[in-house]
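Chemist: Quick one: structure below, then a few questions.
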Amino acid sequence: MAETVTTKYNAPALDKGLDILEHLSEVGVPLSQAEIAQGINRTPSEIYRMLICLEERGYLLRGSNAGKYRLSLKMYSLSHRHTPFDELKRVALYPMQELSETTRQSCHLSILDNDRLLIIAQTRSPSAVSLSIEEGTHFPLSMTTSGRVLLSRYEETDREAILARDEFYVQWNDKEQEQFLASVKEIEQKGYRVAKSKLTSGITDIGIPIGLKNSNLIAVLAVSVFTSSLEDELKIEELLKALEYTQSEINRLIGG
């Protein structure tokens with residue numbers, strides 16, 4: 001049964017069209033005009049013109065015999081013209097710029113790519129001296145704060161499979177691996193990680209997950225700062241608060 005959604009501005013025709021598409025997607029089987037109408041709490045006459053329009057535009061297909069409607073592949077085609085990460089990068093840019101302005105720190109966005117961490121976006125600090133991590137750079141998952149945050153968003157079996165291909169993790173002894181997995185579990189509970197960089201001395205990384213629950217869209221937003229700055233000028237709590245706000249903004253923009 002389709003849900004009734006209250007919006008600020010009414011667009012009845014658009015609502016009917018979206019209700020039809022969402023209902024057919026939910027049930028997953030061809031339906032007649034009457035069955036669709038019943039499923040979205042409409043009358044058959046109310047949705048007649050919309051069904052014709054959606055069929056003419058290629059969003060619906062109708063069987064030649066029973067005349068039942070089903071979704072075409074047009075929605076799939078439209079959604080795959082750009083990858084989810086292309087859209088994430090696009091919508092995250094402005095919130096990331098605001099984060100850099102607010103914290104006076106550079107920030108970067110990363111994803112999983114071939115079992116390694118890939119930087120897909122960066123915004124630079126407005127300060128004269130700041131850290132920079134170039135887009136397109138790969139890092140080992142097990143050696144980075146962002147890598148651990150990413151792993152915390154995966155199911156345990158997927159996490160184990162990814163780590164089995166990590167060049168550093170596989171060389172660690174049992175105790176080191178246990179400590180690593182415990183840190184990932186801690187991130188899963190806390191929702192962030194603050195730690196000194198294993199790759200660059202004098203740097204502290206703060207990472208927070210980005211993405212929607214029950215989806216394949218998983219990323220990490222992180223700020224890397226000079227450890228001395230944390231001691232002298234910055235407070236971790238303030239940076240975390242700014243990161244959490246940016247996290248909520250990006251998730252909202254991607255449909256969260």
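The values are calculated or read from the model by the stated rules, or taken from the named source; none is laboratory data. Treat the numbers as computed from the prediction; the structure is a model and nothing was measured. The accessibility values were calculated without ligands, DNA or RNA, using every heavy atom of the protein model including side chains. Shrake-Rupley method; radii C 1.70, N 1.55, O 1.52, S 1.80 Å.
Chemist: For segment 192-256, just run the numbers: alpha carbon Rg, then divide by 2.2 N^0.38 Å, N being how many residues it has.
Modeler: Rounded to two decimals, the normalised Rg is 1.24.
Chemist: Anyone know which of Thr200, Thr227, Thr102 comes out most mobile in the 10 Å Cα GNM of the chain?
Modeler: Judging by the Gaussian network model, the answer is Thr200.
Chemist: Any aspartates and glutamates with Cα under 18 Å of the Lys68 Cα? List them, leaving off those in the same chain fewer than 8 positions away.
Modeler: Asp19, Glu22, Glu26, Glu35, Glu46, Glu55, Glu56
Chemist: Given the -39500 (n - 2.57) contribution per DSSP H run of 4+ residues, what per-residue ellipticity at 222 nm results for the chain, rounded to the nearest 500 deg cm²/dmol?
Modeler: Counting only the DSSP helices, I get -14000 deg cm²/dmol.
Chemist: Moving on to the next point. By how many degrees, between 0 and 90 and to the nearest 10, does the Cα long axis of helix 84-103 differ from the longest principal axis of the chain?
Modeler: For 84-103 against the chain, the angle is about 50 degrees.
Chemist: Moving to a separate point now. Working only with C-alpha atoms, what are the Rg and Dmax values of the chain, expressed in angstrom?
Modeler: Every Cα atom of the chain included, Rg and Dmax give 23.5, 76 Å.
Chemist: While we're looking at this one, here's another question. In straight Cα distance, which lysines are under 29 Å from Lys185, not counting same-chain residues fewer than 8 positions off?
Modeler: Within the straight-line cut-off, Lys185 pairs with Lys89, Lys175, Lys196, Lys198, Lys213, Lys235, Lys241.
Chemist: Starting from the coordinates of the alpha-carbon atoms of segment 125-256, obtain the Kirkwood hydrodynamic radius over all distinct pairs and give the value in Å to one decimal.
Modeler: Averaging 1/r across every pair of different Cα atoms and inverting gives 15.8 Å.
Chemist: Given the options Gln105, Gln171, Gln38, state which has the largest fluctuation in a GNM of the chain using a 10 Å cut-off (strictly under) for Cα springs.
Modeler: Gln38
Chemist: Quick one: pull the percentage of alpha-carbon pairs in segment 165-218 with a separation above 12 Å.
Modeler: 75
Chemist: Cut-off under 17 Å on the C-alpha distance; same-chain residues fewer than 8 positions from Lys16 excluded. Which lysines are left, in chain and number order?
Modeler: The qualifying lysines are Lys8.
Chemist: Angle between the Cα long axis of helix 236-253 and the longest principal axis of the chain, 0 to 90 degrees, nearest 10?
Modeler: Tilt of helix 236-253: around 20 degrees.
Chemist: Probe of 1.4 angstrom, ligands and nucleic acids ignored: what's the accessible area per residue over the chain, in square angstrom?
Modeler: Per-residue accessible area for the chain comes out at 60 Å².
Chemist: Have a look at Ala242, Ala161, Ala222 and tell me which one the Gaussian network model of the chain (Cα, springs below 10 Å) gives the largest fluctuation.
Modeler: Result: Ala161 has the largest fluctuation of those listed.
Chemist: How far is helix 12-27 tilted, in degrees, relative to the longest principal axis of the Cα atoms in the chain, given as a value from 0 to 90 rounded to the nearest 10?
Modeler: 80
Chemist: At 1.4 Å probe size, with the rest of the protein present, what percent of the exposed accessible area of the chain is carbon and sulfur atoms? Working shown, then result.
Modeler: Values: 7560 of 15410 Å².
Ligands and nucleic acids excluded, carbon and sulfur reach 49 percent.
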